[in-house]
């Protein structure tokens, strides 16, 4: 099995230590959820994998190959990225923005092929944004723009996908659709690493979880084990209510001491 491996990762920004000795693996064909309170270092971990921030220690490898030493073009073909709340300032048509996802596969000045255009359309249909393909991205709502950016990431066709809170600005229906897309991507063999704040979604849709706390890994493994009461109290300062419905597990946090 293919793995994206983070081993002993430490990141210091300015004089602040954000991550220290963080280790986890993202296997191909699985959805790995990265969870933790605000400031735990989740986004920083993704940026370190992508070489957007420079680690102060540790290794990041893809099937044994050092990721930071890869050429940017090669890394872009292997690891795609959905940034958190990325602003879009250029008035590009939505379809043109999604087409940017094919750049790692093109030579300079090479035009899109029929195969490229097919991938673009399939990605936009999967994220329910093909219907506004001709609209300027700057005219879209935050949720619509988030789906276009997800489609751009899917259009890369990389074997690994990193997504930083991709459901944060979406309505409930599109939140569910995006999480279903993550599951579908994993079913195709893609290794998905997704930052989530919704613990119920983390429980329902992820194959494994990594819980960050105070810059380190508090727990990792099966979702029901990572989301144990003691970990929820330590990492978030909350208690949780749990129930099942139709075989699916649900979890809702509540303040400590509340019934």
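Given the criteria within 25 Å of residue 223 (Cβ to Cβ), in contact with a strand residue (DSSP E or B) (Cβ under 7 Å, 6 or more places away or on another chain) and part of a helix (DSSP H, G or I), does residue 34 qualify? If you could, list the steps in order and put the result at the bottom.
Numbers: within 25 Å of residue 223 (Cβ to Cβ): yes; in contact with a strand residue (DSSP E or B) (Cβ under 7 Å, 6 or more places away or on another chain): yes; part of a helix (DSSP H, G or I): no.
For residue 34, the condition - within 25 Å of residue 223 (Cβ to Cβ), in contact with a strand residue (DSSP E or B) (Cβ under 7 Å, 6 or more places away or on another chain) and part of a helix (DSSP H, G or I) - is not met.
From 53, 82, which residue is buried (at least 18 other Cβ atoms within 10 Å of the Cβ), over 18 Å from residue 151 (Cα atoms), touching a strand residue (DSSP E or B) at 6+ places or on another chain (Cβ under 8 Å) and at pLDDT below 95?
Testing whether each residue is buried (at least 18 other Cβ atoms within 10 Å of the Cβ), over 18 Å from residue 151 (Cα atoms), touching a strand residue (DSSP E or B) at 6+ places or on another chain (Cβ under 8 Å) and at pLDDT below 95 leaves just 53.
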Q. Before we move on, is residue 87 out of contact with any helix residue (DSSP H, G or I) (no Cβ under 6 Å at 6 or more places or on another chain), at pLDDT below 90 and surrounded by 13 or more Cβ atoms within 10 Å (Cβ to Cβ)?
A. no
Q: For residue 156, work out the one condition from (1) modelled with pLDDT of 90 or more; (2) surrounded by fewer than 16 Cβ atoms within 10 Å (Cβ to Cβ); (3) under 16 Å from the mean Cα position of the chain (by Cα) it doesn't fulfil.
A: (2)
Q: Within segment 153-191, track down each residue that is part of a helix (DSSP H, G or I), out of contact with any strand residue (DSSP E or B) (no Cβ under 8 Å at 6 or more places or on another chain) and touching a residue at least 60 places away in the same chain (Cβ under 8 Å).
A: 187
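I need a count of the residues in segment 37-65 that are in a loop (DSSP other than H, G, I, E, B) and either in contact with a helix residue (DSSP H, G or I) (Cβ under 9 Å, 6 or more places away or on another chain) or on the phi > 0 side of the Ramachandran plot (or both). Don't jump to the end; show me each part of the working.
Taking segment 37-65 first, the residues in a loop (DSSP other than H, G, I, E, B) are 37-41, 50-56, 63-64.
With the extra rule that they be either in contact with a helix residue (DSSP H, G or I) (Cβ under 9 Å, 6 or more places away or on another chain) or on the phi > 0 side of the Ramachandran plot (or both), the set shrinks to 37, 39-41, 50-55, 63-64.
Residues meeting the conditions: 12.
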Q. Without any contact (Cβ under 8 Å) to a residue 40 or more places away in the chain, surrounded by 15 or more Cβ atoms within 10 Å (Cβ to Cβ), part of a helix (DSSP H, G or I) and in contact with a helix residue (DSSP H, G or I) (Cβ under 7 Å, 6 or more places away or on another chain) - does that describe any residue in segment 91-114?
A. yes
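The values are calculated or read from the model by the stated rules, or taken from the named source; none is laboratory data. Treat the numbers as computed from the prediction; the structure is a model and nothing was measured. Using ideal geometry, Cβ is built from the backbone for each residue, glycine included, and neighbour counts are taken over all protein chains shown.
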